[in-house]
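Working notes for the structure below.
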Amino acid sequence: QKEVEQNSGPLSVPEGAIASLNCTYSDRGSQSFFWYRQYSGKSPELIMSIYSNGDKEDGRFTAQLNKASQYVSLLIRDSQPSDSATYLCAVSSSGSARQLTFGSGTQLTVLP
Amino acid sequence: GAGVSQTPSNKVTEKGKYVELRCDPISGHTALYWYRQSLGQGPEFLIYFQGTGAADDSGLPNDRFFAVRPEGSVSTLKIQRTERGDSAVYLCASSPGGTGELFFGEGSRLTVL
């Protein structure tokens, strides 16, 4: 069973702080990693993708990947109340690169 | 609109009935996916189409579930003899090239009474 594990939260941070979201995965052959944001009652939307070890920055978001440790993280700098949502980690399958396995998500609340 | 369109947005049916859920992907996107999401869980993969063919249907839970994409655009997910455990939000997503960068529709919420 290929698994993607996330802390369910809820994670609360004050406005302006850094939010750190973590994800571990079991499929050592996975090559592609994604973070999706899902607002309550809405569908997931892609915010970051990462394919190589190291950091990838996009605006206030930084994704970090460590394949040796099978660990992916998402940092949100200068958190805003509008960042309050569930963040889903998704990992491609080594058997089928088109099949994503999602974690259960971490619920983030940014307090004004 | 330019996004993925799913109909119906809500469907309530009785146990044992047949249901069809429709997905119209973003124009030009060759890859189309069906996922389902239960409350408090992440989306669960069902099936992936590249063009007209089902390239990976390993996520379909049993033979009551079937999906088609006859002309390489619109797809229909078909569920026979529905069970209460089929209740979930069924999400369709498309992608320009079959990467994991998915564009999701707003989903079809299925409730089986």
Task: Subset tally (residues that are part of a loop (DSSP other than H, G, I, E, B) and touching a strand residue (DSSP E or B) at 6+ places or on another chain (Cβ under 8 Å)) for region A:1-16 - done: 7
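Tell me, which residue of region B:10-27 that is among the charged types (D, E, K, R) and touching a Leu at 6+ places or on another chain (Cβ under 9 Å) is surrounded by the fewest Cβ atoms within 10 Å (Cβ to Cβ)?
Our first condition is that a residue be among the charged types (D, E, K, R); within region B:10-27, this holds for B:11, B:14-15, B:17, B:20, B:22, B:24.
Add one more test, that the residue is touching a Leu at 6+ places or on another chain (Cβ under 9 Å), and what stays is B:11, B:14-15, B:20, B:22.
On the way: B:Lys11: 18, B:Glu14: 9, B:Lys15: 12, B:Glu20: 13, B:Arg22: 15.
That would be B:Glu14.
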- [ ] Consider A:Gln99 carefully, then state whether it is within 27 Å of B:Leu60 (Cα to Cα), over 14 Å from the mean Cα position of the chain (by Cα), buried (at least 21 other Cβ atoms within 10 Å of the Cβ) and within 14 Å of another protein chain (Cβ to nearest Cβ).
- [x] yes
Open item on the list: Between a residue in region B:98-113 that is acidic (Asp, Glu) and any residue that is assigned to a loop (DSSP other than H, G, I, E, B) and at pLDDT 95 or above, which pairs come within a Cβ distance under 6 Å, given they are 6 or more apart or on different chains?
Closed with: B:Glu106/A:Ser43
Task: Filter pass, B:Ser87 being crowded, with 20+ Cβ neighbours inside 10 Å, more than 21 Å from A:Gly95 (Cβ to Cβ) and not hydrophobic (A, V, I, L, M, F, W, C) - done: no
Open item on the list: For region A:78-99, which positions are among the aliphatic types (A, V, I, L, M), modelled with pLDDT of 85 or more and closer than 19 Å to A:Ser26 by Cα?
Closed with: A:Leu88, A:Ala90, A:Val91
Open item on the list: Of the residues A:Glu45, A:Glu15, only one is among the acidic types (Asp, Glu), out of contact with any Gly (no Cβ under 6 Å at 6 or more places or on another chain) and under 26 Å from B:Ala88 (Cα atoms); which?
Closed with: A:Glu45
Task: region B:28-71, residues that are surrounded by fewer than 15 Cβ atoms within 10 Å (Cβ to Cβ), away from chain A (no Cβ under 11 Å) and touching a residue at least 40 places away in the same chain (Cβ under 8 Å) - done: B:Gly28
Open item on the list: Looking for something outside any strand (DSSP E or B), exposed (fewer than 15 other Cβ atoms within 10 Å of the Cβ) and of a type in the set (Lys, Arg) - is there at least one such residue anywhere in region A:63-86?
Closed with: yes
Task: Residue in region A:24-42 that is without any contact (Cβ under 8 Å) to a residue 24 or more places away in the chain and either assigned to a strand (DSSP E or B) or closer than 21 Å to B:Leu102 by Cα (or both) present - done: yes
Open item on the list: Restricting to region B:80-94, name every residue that is within 15 Å of B:Tyr18 (Cβ to Cβ) and more than 12 Å from chain A (Cβ to nearest Cβ).
Closed with: B:Gln80, B:Arg81, B:Thr82, B:Glu83, B:Asp86
Task: Scan of region B:2-26 for residues that are among the acidic types (Asp, Glu) and part of a loop (DSSP other than H, G, I, E, B), ordered by number - done: B:Glu14
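The values are calculated or read from the model by the stated rules, or taken from the named source; none is laboratory data. Note that the coordinates shown come from a computational prediction; the quantities given were computed from them, not determined experimentally. With ideal geometry, Cβ positions are generated from the backbone for all residues, glycine too; neighbour counts draw on all protein chains shown.
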